[in-house]
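Participant: Sharing a structure here in C-alpha cells format.
Every number here is computed from the coordinates shown, using simple stated rules; none is lab data. Because the structure is a prediction, the values reported are computed rather than measured. Ideal geometry is used to build each Cβ from the backbone, glycine not excepted, and the neighbour counts take in all protein chains shown.
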Amino acid sequence: MYINKLELNNFRNYSQEEVYLANGLNIISGKNAQGKTNLVEAIYLLSTGGSPRTANDKELIKIGAERARIFGNVMWESGDRQIEMILSRKEKKRATVNGMNIAKIGELLGNMNTVYFSPDEMGLIKDSPDYRRRFMDIDLCQLSRSYFYTLHKYNKILKQRNALLKGDKKNSAKELIGIYNQQLAGEGAKLIKQRKSFCQNISLYASEIHGSLSGMVEELVISYQTSAEGDSESDIASSLIQQLERNFERDLRLGYTSVGAQRDDIKIMLSGIDVRTYGSQGQQRTATLSMKLAEIEVFNNINREKPILLLDDVLSELDENRRSQLIKRAENLQTIITCTNAEVIKNKGLSIVVDNGKIVNKK
Ligand SMILES: Nc1ncnc2c1ncn2[C@@H]1O[C@H](COP(=O)(O)OP(=O)(O)OP(=O)(O)O)[C@@H](O)[C@H]1O
Ligand SMILES: [Mg+2]
C-alpha cells in the first residue's frame with residue numbers, strides 16, 4: 001500500500017499544505033526545524049492514532065489554532081481509503097475512514113500500516129524491556145485489531161489489580177485477587193501467544209537480513225522472553241495463574257504486579273551471544289536495522305501488502321554500506337525518508353523540500 005496524498009491543516013508548523021507522494025522512494029529534505037519530522041509524524045498518526053513523539057495530542061495542533069486536520073489517501077490493491085483525523089483543543093480526537101466515523105481508535109488500525117524508524121529506535125537493543133514490548137505491541141496492534149483490544153483490556157485489569165494491591169484494604173484484596181488473577185492470566189496468555197509467534201517471524205527474516213547487511217556468518221536469533229511456561233494459550237494462562245498466586249504476598253508488599261506480560265522482554269542473540277550485553281556498537285546497529293527491515297516482511301507476509309516505511313533522520317546514523325543496503329530495500333515499497341542533506345541519495349526517488357512549514361516542490 002502507499003499514501004499518495006497528505007493534507008495538513010494547522011498541524012504542528014503547517015498551516016495548510018497538500019503533499020503528493022510517490023510509490024517508492026520519497027526524499028524529504030530541508031534545514032533543521034522546518035517540518036520534516038512533522039510530516040512523517042502526521043503519516044504515523046493516521047496509521048496508529050498516536051504520535052511517536054508525544055502522548056499529548058494538543059502539542060500537535062498549530063500554536064494559536066483551535067483544531068488540526070490531517071487527511072491521507074491510501075492506495076491499497078483492493079481500492080483506496082481516505083483517513084481523516086481531527087484534533088481539537090476542547091474535544092476528543094475524531095477520525096473517519098472513507099467518511100465513516102470511527103467509534104474507537106482501535107478501528108483505525110490496519111487501514112494504513114507503517115514501520116517507523118528514527119534514531120530513537122536505535123535504542124531498541126540497548127534500552128529497557130519496555131521499549132521492546134512497545135516494538136511488538138505497535139506492530140501487533142496494526143496487524144490485529146483483536147490484539148489491540150486484548151492489550152487494552154489487559155492494561156485495564158492490571159491497573160485495577162495494582163490499585164487493589166496498593167490500597168489499604170489488604171483483607172478485601174485477598175478475597176478479590178482470585179478474580180483478577182484469572183482475568184489477567186486469560187488476557188495475558190493471548191498477548192504472550194501472539195508476541196511469541198511475532199518474535200519467531202521477526203527472527204526468521206531478521207537473521208537473513210542481518211547476514212546480508214553484515215556480510216558475516218553471525219546468526220541473529222530473536223525470541224520472546226517470558227516467565228510463563230507452555231505454548232498453548234491455556235497452558236500459558238495456567239502458568240500465569242500459578243505465578244500470580246505464588247507472588248501474591250510479594251506483590252502486596254511491593255504494591256504492584258511483579259509477574260506477567262507487562263514484564264516480558266525480547267532476547268536478541270548473535271551467534272549465541274546476547275547482543276544487548278556483549279554486542280559491539282556496529283553489531284547492535286546492524287541487528288536493530290535487521291529487526292526494523294524484518295518488520296516490513298512480517299507485515300507483507302500477513303497482509304500480502306507491504307507497509308509504508310518511515311525513515312526519520314536515520315541515514316546519518318548509518319555507515320555507507322548499511323545506508324546503501326537500506327536504500328536498496330527501501331526502493332521496493334513506499335518509503336518516506338527525511339534528511340538534512342539530500343545529496344546522500346541524489347537522483348533517487350521523488351524529492352520534496354520543506355521550508356518553514358511549506359512544501360516547496362509539489363508534484
Ligand atoms: N504545535 C506547533 N505549532 C507550531 N509550530 C510547531 C508546533 N510543534 C512544533 N512546531 C515547530 O516545528 C518545527 C520542528 O519541526 P520538525 O521537528 O519537523 O523539524 P525537522 O525539519 O524535522 O528538523 P530536524 O532536521 O532538526 O529534525 C519547529 O520549528 C517547531 O517550533
Ligand atoms: Mg526531524
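Participant: With helices defined as uninterrupted DSSP H runs, which ones in the chain have an alpha carbon span along their own long axis of at least 27 Å and mean Kyte-Doolittle hydropathy of at least -1.0?
Facilitator: Details: long enough: 145-166 (32 Å, -0.88); 170-214 (58 Å, -0.38); 281-303 (33 Å, -0.43).
Within the chain the helices that satisfy the rule are 145-166, 170-214, 281-303.
Participant: From zero outward in steps of 10 Å, how is the percent of C-alpha pairs of region 48-187 spread across the bins?
Facilitator: Histogram of Cα-Cα distances, whole percents per bin: 10, 28, 31, 22, 8, 1.
Participant: Give me log10 I(q)/I(0) at q = 0.14, 0.17 Å⁻¹ for region 122-304, Debye formula, one equal scatterer per alpha-carbon, no solvent.
Facilitator: Cα-only, vacuum Debye calculation for region 122-304: -0.79, -1.04.
Participant: Would you mind checking the pairs K58/K159; K36/K156; K90/K190; K126/K159; K104/K267 and listing those with alpha carbons more than 30 angstrom apart?
Facilitator: Flagged as over cut-off: K36/K156; K90/K190; K104/K267.
Participant: Same structure, new question: If one computes P(r) from the Cα atoms of region 170-243, what percent of pairs lie at distances over 18 Å?
Facilitator: 54 percent
Participant: Take R263, R329, R304 and order them by how many other Cβ atoms sit within 10 Å, fewest up front. List each step's numbers first, then the result.
Facilitator: Details: R263 14, R329 18, R304 8.
Ascending number of Cβ neighbours within 10 Å: R304, R263, R329.
Participant: Take the chain, connect every pair of alpha-carbon atoms lying under 10 Å apart with a spring to form a Gaussian network, then pick out the residue of E77, E218, E107 with the largest mean-square fluctuation.
Facilitator: Per the Cα network of the chain with a 10 Å cutoff, E77 tops the list.
Participant: To the nearest Å, what is the center-to-center distance of region 284-321 and region 166-188, using C-alpha atoms only?
Facilitator: 41 Å
Participant: Sorting T150, T277 on the 10 Å Cβ count, fewest up front, what's the list?
Facilitator: Details: T150 21, T277 7.
Sorted ascending by nearby Cβ count, the order is T277, T150.
Participant: Bin width 5 Å, alpha-carbon pairs only: give the P(r) of region 227-324 as whole percents, running from 0 to the bin holding the largest distance.
Facilitator: The percentages, shortest bin first, are 2, 10, 12, 12, 13, 15, 12, 11, 8, 3, 1.
Participant: Separate question: Taking the radius of gyration and the Kirkwood hydrodynamic radius from Cα positions alone, what is the Rg/Rh ratio for the chain, to two decimal places?
Facilitator: 1.00
Participant: Could you identify which residue out of L165, L191, L220 has the top mean-square fluctuation in a GNM of the chain using Cα springs shorter than 10 Å?
Facilitator: So, out of L165, L191, L220, the one fluctuating most is L165.
Participant: Considering only DSSP beta bridges whose two residues both sit in the chain, what percent are antiparallel, to the nearest 5?
Facilitator: 70 percent
Participant: Can you give the alpha-carbon Rg of region 1-123 over 2.2 N^0.38 Å, where N counts its residues?
Facilitator: Ratio of Rg to 2.2 N^0.38 Å for region 1-123: 1.02.
Participant: How do the peptides 287-296, 127-136, 92-101 rank, highest first, by the average count of neighbouring beta carbon atoms within 10 Å per residue?
Facilitator: 287-296, 127-136, 92-101
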